[in-house]
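Enquirer: Starting off with a structure, shown below.
The values are calculated or read from the model by the stated rules, or taken from the named source; none is laboratory data. No experiment lies behind these values; they were computed from the predicted model shown. So basically every Cβ, Gly included, is an ideal-geometry build from the backbone, and we count neighbours across all protein chains shown.
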Amino acid sequence: MAVNWGGLIGVVIFYVIILAIGIYASRKNKGKSSMEDVMLAGRNIGMFLGVFTMTATWVGGGYINGTAQSIYDTGLIWAQAPWAYSLSLFINGLFFATHLRKQRYVTMLDPYQIKYGDRVGVLMFLAAYSGEIFWSSAILAALGSTFSVILGIDKTLAIIVSTCIAMSYTLFGGLYSVAYTDVLQLSCIFFGLWLAIPFAMTNEHVTSITETNWFGTWENKYTGVWIEGVLLLSLGGVPWQAYFQRVLSAKTPRYARILSFAGAAGCMIMTIPSFLMGAIGASTNWNETAYGQEITDSNIVLPLVLQYLTPQVVSIIGLGAVCAAVMSSADSSLLSTSSMFARNVYKRIIRPNASEREIIWVMRCSILVSGTIASTLAITIDSIYGLFYLCSDFVYVVLFPQLVCVVYVSFSNTYGVLVGYFLGLILRLGGGEPLLGLKPFIEYPFYENGEQLFPFRTFAMLVSLTTLCVVSALFHYLFTNNILDKKWDLLKCVTNIPSEEDERKNAFKTQNGLTVDVGLSMLTNNE
């Protein structure tokens, strides 16, 4: 396929503009070396900017391309990710946003390390990191597919170049650069996709979508799988650093809640053109188009609609929308993973005495590493929607129960956390994962021809949550009632907490602007 030079020039111009805005926004961090300034924009994100960056973070390339792919493949009834992810923002706004913002945490992992210990925080980091990396991979894979169709450029090259652009302005601008570029990117997504819809719908090769069965078909045997999908995406969309980075950067706890609700509404609005693109793709006689064949790779449904059902100028503008969607989420994911590593792993475990300037440079190096891993997965794994779905999988099973307990279960402790974490992980991995080539070593009920029809992910999550509560309650009872001597509290999390540990935890909270009262209340949760 020949390179579309006009489109390529347009994309280059778009990337230059995005890079320029990111670099301009990075000047707000000039001369500042505070973690809060880089990671949370000094907790000074206002309502307008906050709503844009919250929505743009969720509406990525995987979101719009994956939605169109799912509509084309299995129909509207199985395209759960867009509205379920929107629901996750609403749940966060109701139950978690205000609480974490009031405590003035810097990352989502701070409450875990304060309550359960530094090394437990590393376990949580691994689960959160895997989710963020799969998410970034889905985003970049969507862009690579779009570039290869519309511009005739090699998918691998497109992924690598786009990753480098996102990394470049995120490296030095932090959340300021990400938020400011999100405003332009979200505007481009909205305008670019809606502009293409009327041209695509009125193309001579497209049957009216009202006459096509793009709603999908229902089989009762998949009822449990469907319900689990909704739970996985809505609850698995809760414990994300990319989300909490915006919540924690809000000026007030009230703003944090409003941002969550507004983001949920924004995501639902932004998914409508992707739904329509998938329906248009399913209603098209592709043999009669210039494409000349039926679609064999559903990953490229949206770019095919843009390329073959709209005028060239419109398809290039639509490509800009996909580029914008990718950048708006890729930079957020890179920043969130690097923030967690620099603060919760490097600072808390590897070099406790590291200066803030050193931590910021570690964060920048982590951006490079995370970008490399994400782009590699995007190149090697085929399904965009599969990656989009998988990114919430392990987060749902492992992190969601932990977040509920660290916020709402006062007696939870490290013993329950460790048992619940590993038991949930084993039950999840036991079900296998075709996308990663993992074969199941546990055959759950209704196992059929290598396919798990039992909602084993939800089972693993519930077992993890229940185990965490029961084991925590057991050890709390044994130690606080002197049935076991406190010397056997080997993890020092119930009664055997030395005074220097108290001082270290209070110092950790004090350096982040927390009150003594809050620090004491958190510690009493373990006593």
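Enquirer: Mind listing just one residue for me: the one in the stretch 420-469 that is of a type in the set (Val, Ile, Thr) and modelled with pLDDT of 95 or more and, of those, surrounded by the fewest Cβ atoms within 10 Å (Cβ to Cβ)?
Expert: Applying the first criterion (of a type in the set (Val, Ile, Thr)) to the stretch 420-469 yields 426, 442, 458, 463, 466-467.
Then keep just the ones that are modelled with pLDDT of 95 or more; that gives 463, 466-467.
Values: Val463: 19, Thr466: 15, Thr467: 19.
Filtering the stretch 420-469 for residues that are of a type in the set (Val, Ile, Thr) and modelled with pLDDT of 95 or more, the one surrounded by the fewest Cβ atoms within 10 Å (Cβ to Cβ) comes out as Thr466.
Enquirer: Additional query: Within the stretch 310-317, identify whether any single residue is under 23 Å from the mean Cα position of the chain (by Cα) and at pLDDT 90 or above, and answer yes or no. Even if it seems obvious, please write down each step before you answer.
Expert: So in the stretch 310-317, the residues under 23 Å from the mean Cα position of the chain (by Cα) come out as none.
No, the stretch 310-317 has no match at all.
Enquirer: Looking at the stretch 225-236, can you tell me whether even one residue there is under 25 Å from Leu403 (Cα atoms), assigned to a strand (DSSP E or B), in contact with a Leu (Cβ under 7 Å, 6 or more places away or on another chain) and not charged (D, E, K, R)?
Expert: Going residue by residue through the stretch 225-236, those that are under 25 Å from Leu403 (Cα atoms) are 225-236.
From what's left, assigned to a strand (DSSP E or B): none.
No, there is no match, as no residue in the stretch 225-236 is under 25 Å from Leu403 (Cα atoms), assigned to a strand (DSSP E or B), in contact with a Leu (Cβ under 7 Å, 6 or more places away or on another chain) and not charged (D, E, K, R).
Enquirer: Please work out which residue is surrounded by the fewest Cβ atoms within 10 Å (Cβ to Cβ), limiting yourself to the stretch 91-115 and to residues that are touching a Ser or Thr at 6+ places or on another chain (Cβ under 7 Å) and in a helix (DSSP H, G or I). Give the steps one after another, and end with the answer.
Expert: Within the stretch 91-115, the subset touching a Ser or Thr at 6+ places or on another chain (Cβ under 7 Å) is 91-93, 97, 107.
With in a helix (DSSP H, G or I) added as a condition, the list becomes 91-93, 97.
Details: Ile91: 16, Asn92: 27, Gly93: 20, Ala97: 27.
Looking at the filtered set, the residue picked out is Ile91.
Enquirer: If you take the residues in the stretch 214-247 that are among the hydroxyl-bearing types (Ser, Thr, Tyr) and closer than 30 Å to Ile280 by Cβ, which one is surrounded by the most Cβ atoms within 10 Å (Cβ to Cβ)? Full working, then the answer.
Expert: Our first condition is that a residue be among the hydroxyl-bearing types (Ser, Thr, Tyr); within the stretch 214-247, this holds for 217, 222-223, 234, 243.
Okay, now just the ones that are also closer than 30 Å to Ile280 by Cβ, so 217, 222-223, 234.
Working: Thr217: 10, Tyr222: 15, Thr223: 12, Ser234: 22.
Among residues in the stretch 214-247 that are among the hydroxyl-bearing types (Ser, Thr, Tyr) and closer than 30 Å to Ile280 by Cβ, the one surrounded by the most Cβ atoms within 10 Å (Cβ to Cβ) is Ser234.
Enquirer: Answer yes or no as to whether Glu228 is more than 30 Å from Phe96 (Cβ to Cβ) and acidic (Asp, Glu). Show your work before the answer.
Expert: On the way: more than 30 Å from Phe96 (Cβ to Cβ): no; acidic (Asp, Glu): yes.
So Glu228 does not fit the description; no.
Enquirer: Also, I was wondering about something else. May I ask you to say which residue of Leu478, Leu490 is at pLDDT below 90 and out of contact with any Pro (no Cβ under 9 Å at 6 or more places or on another chain)?
Expert: Values: Leu478 fails: at pLDDT below 90.
Residue meeting the stated conditions: Leu490.
Enquirer: Just to check your reading of the model, which residue among Phe90, Phe96, Phe134 is in contact (Cβ under 8 Å) with a residue 24 or more places away in the chain, over 17 Å from Leu232 (Cα atoms) and not basic (Lys, Arg)? Working first, answer last.
Expert: On the way: Phe90 fails: over 17 Å from Leu232 (Cα atoms); Phe134 fails: over 17 Å from Leu232 (Cα atoms).
Among Phe90, Phe96, Phe134, only Phe96 is in contact (Cβ under 8 Å) with a residue 24 or more places away in the chain, over 17 Å from Leu232 (Cα atoms) and not basic (Lys, Arg).
Enquirer: Run down Thr296, Thr289 and say which single residue is closer than 27 Å to Gln80 by Cβ and surrounded by fewer than 24 Cβ atoms within 10 Å (Cβ to Cβ). Lay out the reasoning, then the answer.
Expert: Details: Thr289 fails: closer than 27 Å to Gln80 by Cβ.
Just one listed residue meets the conditions, Thr296.
Enquirer: Looking at the stretch 269-285, which of its residues are surrounded by fewer than 17 Cβ atoms within 10 Å (Cβ to Cβ) and assigned to a helix (DSSP H, G or I)? Before the answer, list the steps.
Expert: Step one: filter the stretch 269-285 for residues surrounded by fewer than 17 Cβ atoms within 10 Å (Cβ to Cβ), giving 269, 272, 285.
Across the stretch 269-285, the qualifying residues are Ile269, Ile272.
Enquirer: Might you let me know whether the stretch 148-161 holds any residue that is of a type in the set (S, T, N, Q) and crowded, with 24+ Cβ neighbours inside 10 Å? Spell out how you get there, then give the answer.
Expert: Of the residues in the stretch 148-161, the ones of a type in the set (S, T, N, Q) are 148, 156.
Imposing the further condition that a residue be crowded, with 24+ Cβ neighbours inside 10 Å reduces the set to none.
There is no residue in the stretch 148-161 that is of a type in the set (S, T, N, Q) and crowded, with 24+ Cβ neighbours inside 10 Å.
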